[in-house]
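Notes follow once the structure below has been shown.
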Amino acid sequence: MASVFGKPRAGSGPPSAPLEVNLAVLGRRGAGKSALTVKFLTKRFISEYDPNLEDTYSSEETVDHQPVHLRVMDTADLDTPRNCERYLNWAHAFLVVYSVDSRQSFEGSSSYLELLALHAKETQRGYPALLLGNKLDMAQYRQVTKAEGAALAGRFGCLFFEVSACLDFAHVQHVFHEAVREARRELERSPLARPLFISEDRAPGHPVPLTARPGLASCTFNTLSTVSLKEMPAVAQAKLVTVKSSRAQSKRKAPTLTLLKGFKIF
Ligand SMILES: Nc1nc2c(ncn2[C@@H]2O[C@H](COP(=O)(O)OP(=O)(O)OP(=O)(O)O)[C@@H](O)[C@H]2O)c(=O)[nH]1
């Protein structure tokens, strides 16, 4: 299929191959990262998840008539960003999630945006991020106004949406597709389009610790000029699940069983 988005991108293979996009979903515990991810992949809201599982899912999507092989990493940091290299060097775009009924989660999302901004500065590359205020259905218990969310997003130059994992699927899908569009724009701009893993063989004395703010203390990475770049290895602890086409599931021709976060979804 001829690309409707101009020249083929490095890392996306031959022109007919689907665009490959990696998205990482970040945020404090309980913000609703898993619920949003599962909603997007299955159209279902499942209320309880194992908070200690970190999964990377794979799904074939069509965004603006273009096939996209999408991988979504539903991260499971504890209360602050930890071992961030696993997603910083893997993802093409980030969804930073907070819960509109939790001021703490909003403050946590600010730490993640800060982390991404520092990473972009160090690597001299753009890392598109979308800020999501989740649990919009809980608006009566709001601790964070829409204006505050928009202001935080504006400060970091990212898109902002309020969503709910238990309401409209189309809105959740729209947000994930917006992330794909942002990633695609960045892939078209950047010559380094493939997910990269920064290896350990670095010049001594050049690591750049992200210790500027509390909460980022455990994140250390290196400038690209001093390290060699390799393809990202399999993510530790991550279980790759290929989600069968959601169309096949909705038609219910045959009971399709998919294991997500330890839940069986038919
Ligand atoms: N009312 C409401 N509850 C939600 C929504 N999204 C998630 N939840 C609930 O919030 C709780 C936490 O959701 P998770 O998806 O596990 O949050 P998480 O960010 O993945 O948290 P960790 O797995 O601990 O990192 C669960 O009880 C969900 O059912 C939402 O949009 N609305």
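Taken together, the values in this text are just the output of simple stated rules run on the coordinates, not laboratory data. Just so we're clear, the structure is a prediction, and the values are computed from it rather than from any experiment. No Cβ is skipped: glycine too gets one built from the backbone with ideal geometry, and neighbour counts run over all protein chains shown.
Just a few scattered comments:
- Cross-link pairs beyond the 22 Å C-alpha cut-off, checked among Lys43/Lys135; Lys121/Lys146; Lys39/Lys121: Lys121/Lys146; Lys39/Lys121
- Ranked by how many other beta carbons lie within 10 Å on average, peptides 161-170, 18-27, 92-101 from highest: 92-101, 18-27, 161-170
- Cα centroid of the range 124-139 to Cα centroid of the range 157-193, whole Å: 9 Å
- The stretch between Arg125 and Leu167, if pulled fully straight at 0.36 nm per residue, gains 11.6 nm over its current Cα-Cα span.
- Under 5 Å, built H, 5+ apart or other chain: amide partners of Val163: Gly133, Asn134, Lys135, Leu136
- The range 19-189, Cα convex hull volume normalised per residue, Å³: 102 Å³
- Per-peptide packing, taken as the mean over residues of other Cβ atoms within 10 Å, places 125-135, 67-77 in the sequence 125-135, 67-77 from highest down.
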